[in-house]
Amino acid sequence: MKVKVKVFAVLKDMLERAELELDLPVGASCSDVVDRLGTQFEFLTPTLRRCLVAVNGEFAAGDAFLSEGDEVAVLPPVSGG
């Protein structure tokens, strides 16, 4: 199944793009998205460990299952003043 992955802040800068599409097996979870990103882009792994994930605009746990066409947002911690 295909899901759209959106990345923000430092992840967007590191990837030099704001979104990508992943092809995942049926029954994949949010953790599978994060794992796949870490496998495909090893340099993201330290940041990915601290990220929150949202599915279709709602925060989701790592074990939340995904469906075809879902939009997964990977949100790194941010700081500022």
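Annotations
- Dipole of the chain, positive direction: furthest Cα of Val72, Leu11, Gly38, with charges on the beta-carbon: Leu11
- Taking Cα atoms only, the orientation of helix 30-40 departs from the longest principal axis of the chain by about 60 degrees.
- Net charge dipole, the chain: roughly 240 debye, given to the nearest 20, about the Cα centre with Cβ charges of +1 for Lys and Arg and -1 for Asp and Glu.
- Qualifying GluC sites (Glu not before Pro) in the stretch 1-65, DSSP loop, other Cβ atoms within 10 Å at most 14: Glu16
- In terms of overall dimensions, the C-alpha atoms belonging to the chain reach 39, 24, 19 Å along their principal axes, ordered largest to smallest.
- Were the residues from Ala9 through Thr45 laid out at 0.36 nm apart, the gain over their Cα-Cα distance would be 11.5 nm.
- Per residue, the solvent-accessible area of the chain (1.4 Å probe, heavy atoms of protein chains only, all protein chains present) comes to 61 Å².
- Percent carbon-and-sulfur accessible area, the stretch 1-65, ignoring ligands, DNA and RNA, probe 1.4 Å: 52 percent
- Applying both filters, DSSP loop and at most 14 other Cβ atoms within 10 Å, to the trypsin sites (Lys or Arg not before Pro) of the stretch 1-78 gives Arg17, Arg49, Arg50.
- With all protein chains modelled, accessible area of Thr47 [1.4 Å, Å²]: 20 Å²
The values are calculated or read from the model by the stated rules, or taken from the named source; none is laboratory data. What you see is a predicted model; the values in this text were computed from it and never measured. Backbone-built Cβ (ideal geometry, glycine too); neighbour counts: all protein chains shown. All accessible areas refer to the heavy atoms of the entire protein, side chains included, with ligands and DNA or RNA removed. Shrake-Rupley method; radii C 1.70, N 1.55, O 1.52, S 1.80 Å.
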